[in-house]
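The values are calculated or read from the model by the stated rules, or taken from the named source; none is laboratory data. Owing to the predicted nature of the structure, the values given are computational and were not obtained by experimental measurement. As a convention, Cβ positions derive from the backbone with ideal geometry for all residues, glycine included, and neighbour counts pool all protein chains shown. SASA here: full protein model, heavy atoms, side chains in, ligands and nucleic acids out. Shrake-Rupley method; radii C 1.70, N 1.55, O 1.52, S 1.80 Å.
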Amino acid sequence: MSADSSTEPTEPTEPTGHPERPARTGRPVALITGGGTGIGAATAYRLVEDGFDVVVTGRRLGPLQEVAARLGRRARAVVMDVADEAGVSQAVAQLRRCDVLVNNAGGALGTTTVEAGVSDEWRTMFDSNVLGTLHVVRALLPALRRSPRATIVTVTSIASELTYEGGGGYTAAKHAERALVETLRLELNGERVRVVEVSPGMVHTEAFALTRLHGDQAGADAVYADVDRPLVAADVAECIAFCVRLPQHVNVDRLVVQPVAQAAPHRLHRGPIDWGDGDA
Ligand code: 8X3
């Protein structure tokens, strides 16, 4: 799954922070879209531990500020809707340096069949997951090319490869996002820029299922009901950090990660698992 901000209400907000700060510290800089919540926020925390300064972007200032406040001088919050091409260009123009880009913004909306598909939901998912990734990659490639650690990590989903009933719009968008990533890797062959896809299965975050189900909390709770240890955002952040910290000549093309309880989107064990460690 990917971040959960793209389908939430937008608030009128302004960028915060100090554009010059990352360049002044000399630390590498990672920009993380959908960085205010879920996987994006966890990735920000994790990459700071690994020595990065982070720029967290998203549509809502409040969550971004919370992440930035927790990270202090290591972080900067920038309001940016990845679906807004001009807004992305404007926000990125403030950056003097970017070593790692984590395309995490996106998400799912709706669970209808293809026959009952809601065009606006499909459009929103394509705007955030596919065009959003395009906008940010295009805007940041010049800065990334200047970095010896240039890395683009895109958080897709197991839905970038598999399909399931009721997931048509999301799986189509994630398949397209994956195609973008694979095309980009081919096109950048011969340059040092790494192009990585991280494809999580079930990740229990506050907003993913809730957004997909239009705020139906009981329905969202049911998604994870009786699943013994679904992934959490920090698990995916660890996978991202692993791909990033490998030597620059090592490109993890695609990392697929699911909880032990899940073997496929439709093959999910509900019930206890004997972990053998006494705290299952
Ligand atoms: C989230 C995983 O299985 O809901 O991207 O598509 S799934």
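Take residues that are more than 16 Å from the ligand (Cβ to nearest atom) and tell me which of the helices (runs of 4 or more DSSP H) falling wholly in region 207-253 contain 2 or more.
Counting at least 2 such residues, we get 217-224, 233-245.
Kindly check whether there is at least one residue in region 226-235 that is closer than 28 Å to Glu49 by Cβ and in contact with a strand residue (DSSP E or B) (Cβ under 6 Å, 6 or more places away or on another chain).
The answer is yes; a qualifying residue exists.
Would it be correct to say that Leu144 is farther than 15 Å from Ala105 by Cβ, in contact with a strand residue (DSSP E or B) (Cβ under 8 Å, 6 or more places away or on another chain) and within 9 Å of the ligand (Cβ to nearest atom)?
no
Is there any pair linking a residue in region 141-158 that is on the phi > 0 side of the Ramachandran plot to one that is among the polar types (S, T, N, Q) and more than 16 Å from the ligand (Cβ to nearest atom), with Cβ under 9 Å and at least six apart or on different chains, and which?
Final answer for the pair search is none.
May I ask you to list the residues in region 153-197 that are open to solvent by less than 10 Å² (accessible area, probe 1.4 Å), within 11 Å of the ligand (Cβ to nearest atom) and outside any helix (DSSP H, G or I)?
Selection gives Val155, Thr156, Ser157, Gly167.
Looking at the structure I just gave you, is Ala209 exposed (fewer than 15 other Cβ atoms within 10 Å of the Cβ) and more than 14 Å from the chain's Cα centre (by Cα)?
The answer is no for Ala209.
Which condition does Glu115 not pass, out of (1) under 15 Å from Gly40 (Cβ atoms); (2) free of Cβ contacts under 8 Å to residues at least 24 places away in the same chain, if it passes all the others?
Against the list (1) under 15 Å from Gly40 (Cβ atoms); (2) free of Cβ contacts under 8 Å to residues at least 24 places away in the same chain, Glu115 comes up short only on (1).
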